[in-house]
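K.L.:
I'd like to ask you about the structure that follows.
The values are calculated or read from the model by the stated rules, or taken from the named source; none is laboratory data. For clarity, every value in this text was computed on a predicted model and none was experimentally measured. Cβ coordinates were reconstructed from backbone atoms using ideal geometry, including for glycine residues, and neighbour counts include every protein chain displayed.
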Amino acid sequence: MTEPVLEVTFPNLKRWASGNTGIPYVWSFDSGIDGPHVCVNALVHGNEVCGAIAVNELLNAFENGAKLARGKLTAVFANVAAYESFDPKRPFDSRCVEEDFNRLWNESTLNGDRHSRELTRARELRSLYDSVDHLLDLHSMLEPAPPIALAGDTEKGLALARAIGTPAHILVDSGHAAGKRLRDYAAFAEPHSPKSALLVECGQHWERNVGHVACNVMWRFLRHFETFDRAWLDSLIDHEPLPAQRVVEISEVVTLKSEQFSWVRPLRGLEVIAEAGTLLATDGAREVRTAHADAVMVMPVPHPKVGQTAVRIGRLR
Ligand SMILES: [Zn+2]
């Protein structure tokens, strides 16, 4: 693996440690005026700094006197233990401490008797997430790729991604076999609940622009829910015209079956392969080919391990 370049500064989050909710690193603000309870969530993965940059900005805004226009807002730094373990020499290691915080959101896992650092934190945050109406979960990616919104597989998830208006690509997907993501937890994924959630991958973990992308998505999310004064939010939001959004549906998940896996060539995130039947990789004796024309490569993993997803293949809706 090539040596990663860290182009972003990691904010010091210590001053937010106390929180104001009884839960460390969780801050809630209530306008006292009717309106939804929205949540901006950072650091589900400890090395995905963009969310920490955005939530840090948001809390700074409150310190500088920002006031809610309606409803309630909660800002969360989720897996702070993983973030605190970040080592620039081994930056990939701080995704989690013991296990992936974003595979724990099945009732059976949360209610079960298994223990890990991440499960303890998930159980500590659970009742808070239960009280949230609309969740924005900020993430970033291993490999350089355009930002993408992960809308889940409900119409309301897609509607939220469209209402925010950026990023340009929206993925309709049902998550991972290994365990439920926070964005799919409980009412967030129930088609008939008015609650909703959106996960946004803001770019490569440590690329220069990743924090800016996260902030822009956050301010647009808060504008959609009229959480703050619109003119103030407009002053914070990028003003370039937005490209039309494109919806990608997953048609196939390529999971590694053998130790002898090799890509024919490196794939770029969201690259489109025009011809059906194009050879992508060999996995032992198995050939991995595109099953249809205009196949979109979603978050390819350069060095996947057996049993893991190597790439998800999508088609444009
Ligand atoms: Zn992530």
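K.L.:
Considering only strands (runs of 3 or more DSSP E) fully contained in the range 68-179, which possess at least 1 residues that are of a type in the set (Phe, Trp, Tyr) and buried (at least 17 other Cβ atoms within 10 Å of the Cβ)? Don't jump to the end; show me each part of the working.
P.N.:
Working: elements: 72-77, 134-141, 148-152, 169-172.
Where strands (runs of 3 or more DSSP E) fall fully within the range 68-179 and carry at least 1 residues being of a type in the set (Phe, Trp, Tyr) and buried (at least 17 other Cβ atoms within 10 Å of the Cβ), they are 72-77.
K.L.:
Hey, another quick one. List the strands (runs of 3 or more DSSP E) inside the range 269-317, counting only whole elements, that have at least 3 residues being among the hydrophobic types (A, V, I, L, M, F, W, C).
P.N.:
Working: elements: 279-283, 286-289, 295-298, 309-316.
By residue number, 279-283, 295-298, 309-316.
K.L.:
State which residue is surrounded by the fewest Cβ atoms within 10 Å (Cβ to Cβ) when the search covers only the range 235-268 and only residues that are assigned to a strand (DSSP E or B) and polar (S, T, N, Q).
P.N.:
Residues of the range 235-268 assigned to a strand (DSSP E or B): 246-255, 261-263.
Filter again for polar (S, T, N, Q), leaving 251, 255, 262.
Working: Ser251: 14, Thr255: 15, Ser262: 7.
Taking the candidates together, the pick is Ser262.
K.L.:
Also, I was wondering about something else. What are the residues in the range 225-248 that are touching a residue at least 24 places away in the same chain (Cβ under 8 Å) and touching a Leu at 6+ places or on another chain (Cβ under 8 Å), if any?
P.N.:
Scanning the range 225-248 gives Thr227, Phe228, Arg246, Val247, Val248.
K.L.:
Could you identify the single residue in Phe86, Phe92, Phe101 that is under 20 Å from Ile53 (Cα atoms), aromatic (Phe, Trp, Tyr) and more than 18 Å from the chain's Cα centre (by Cα)? Talk me through it step by step, then tell me what you get.
P.N.:
On the way: Phe92 fails: more than 18 Å from the chain's Cα centre (by Cα); Phe101 fails: more than 18 Å from the chain's Cα centre (by Cα).
Going through Phe86, Phe92, Phe101 in turn, the sole match is Phe86.
K.L.:
So how many residues does the range 108-124 have that are away from the ligand (no atom under 16 Å from the Cβ) and touching a residue at least 24 places away in the same chain (Cβ under 8 Å)?
P.N.:
Residues of the range 108-124 away from the ligand (no atom under 16 Å from the Cβ): 108-117, 119-120, 123-124.
Right, trim to touching a residue at least 24 places away in the same chain (Cβ under 8 Å) and you get 109, 117, 124.
Of the residues in the range 108-124, 3 are away from the ligand (no atom under 16 Å from the Cβ) and touching a residue at least 24 places away in the same chain (Cβ under 8 Å).
K.L.:
A further question follows. So which residues in the range 32-86 are small (Gly, Ala, Ser) and free of Cβ contacts under 8 Å to residues at least 24 places away in the same chain?
P.N.:
Residues of the range 32-86 that are small (Gly, Ala, Ser), as a first pass: 32, 35, 42, 46, 51-52, 54, 61, 65-66, 69, 71, 75, 78, 81-82, 85.
Those that are small (Gly, Ala, Ser) and free of Cβ contacts under 8 Å to residues at least 24 places away in the same chain: Gly32, Ala61, Gly65.
K.L.:
Let me ask another. Determine if the range 299-314 includes at least one residue that is touching a Lys or Arg at 6+ places or on another chain (Cβ under 6 Å) and either outside the structural domain of Leu171 (by TED's automatic domain parsing) or of a type in the set (Val, Ile, Thr) (or both). Give the derivation first.
P.N.:
Taking the range 299-314 first, the residues touching a Lys or Arg at 6+ places or on another chain (Cβ under 6 Å) are none.
Among the residues of the range 299-314, not one is touching a Lys or Arg at 6+ places or on another chain (Cβ under 6 Å) and either outside the structural domain of Leu171 (by TED's automatic domain parsing) or of a type in the set (Val, Ile, Thr) (or both), which makes the answer no.
K.L.:
Here's a follow-up. Suppose the filter is basic (Lys, Arg) and touching a Gly at 6+ places or on another chain (Cβ under 9 Å); does Arg246 pass it? If you could, list the steps in order and put the result at the bottom.
P.N.:
On the way: basic (Lys, Arg): yes; touching a Gly at 6+ places or on another chain (Cβ under 9 Å): no.
Judged against the criteria, Arg246 is not a match.
K.L.:
Now for a different question. Restricting the search to the range 1-56, which residues are surrounded by 22 or more Cβ atoms within 10 Å (Cβ to Cβ), of a type in the set (Gly, Ala, Ser) and assigned to a loop (DSSP other than H, G, I, E, B)?
P.N.:
Gly46
K.L.:
I would also like to ask the following. Can you tell me which condition Trp232 does not meet? The list is (1) under 23 Å from Asn102 (Cα atoms); (2) modelled with pLDDT of 95 or more; (3) among the hydrophobic types (A, V, I, L, M, F, W, C), and all the others hold.
P.N.:
It fails just one condition, (1).
K.L.:
Just to be sure I understand, how many residues within the range 195-224 are assigned to a loop (DSSP other than H, G, I, E, B) and in contact (Cβ under 8 Å) with a residue 60 or more places away in the chain?
P.N.:
Filtering the range 195-224 down to residues assigned to a loop (DSSP other than H, G, I, E, B) leaves 195, 205-209.
Checking the rest, the ones that are also in contact (Cβ under 8 Å) with a residue 60 or more places away in the chain come to 195, 205-208.
The qualifying residues number 5.
K.L.:
Mind listing just one residue for me: the one in the range 130-164 that is among the acidic types (Asp, Glu) and away from the ligand (no atom under 15 Å from the Cβ) and, of those, nearest to His37 (Cα to Cα)?
P.N.:
Residues of the range 130-164 among the acidic types (Asp, Glu): 130, 133, 137, 143, 153, 155.
Restricting the remaining residues to those that are away from the ligand (no atom under 15 Å from the Cβ) gives 130, 133, 153, 155.
Values: Asp130: 11, Asp133: 5, Asp153: 22, Glu155: 20 Å.
Only one residue tops the list, namely Asp133.
K.L.:
Turning to a different aspect of this structure: Identify the residue in the range 193-207 that is among the aliphatic types (A, V, I, L, M) and out of contact with any Pro (no Cβ under 8 Å at 6 or more places or on another chain) and, among all such residues, is nearest to the ligand (Cβ to nearest atom). Step through it out loud before you land on a result.
P.N.:
To start, the set of residues in the range 193-207 that are among the aliphatic types (A, V, I, L, M) comprises 197-200.
With the extra rule that they be out of contact with any Pro (no Cβ under 8 Å at 6 or more places or on another chain), the set shrinks to 197-199.
Working: Ala197: 14, Leu198: 13, Leu199: 8 Å.
So, considering only residues that are among the aliphatic types (A, V, I, L, M) and out of contact with any Pro (no Cβ under 8 Å at 6 or more places or on another chain), the one nearest to the ligand (Cβ to nearest atom) is Leu199.
K.L.:
If you scan the range 182-192, which residues turn out to be within 16 Å of the ligand (Cβ to nearest atom) and of a type in the set (A, V, I, L, M)?
P.N.:
Leu182
K.L.:
Tell me yes or no: at least one residue of the range 93-101 is within 16 Å of the ligand (Cβ to nearest atom), in contact (Cβ under 8 Å) with a residue 60 or more places away in the chain and not basic (Lys, Arg).
P.N.:
The answer is yes; a qualifying residue exists.
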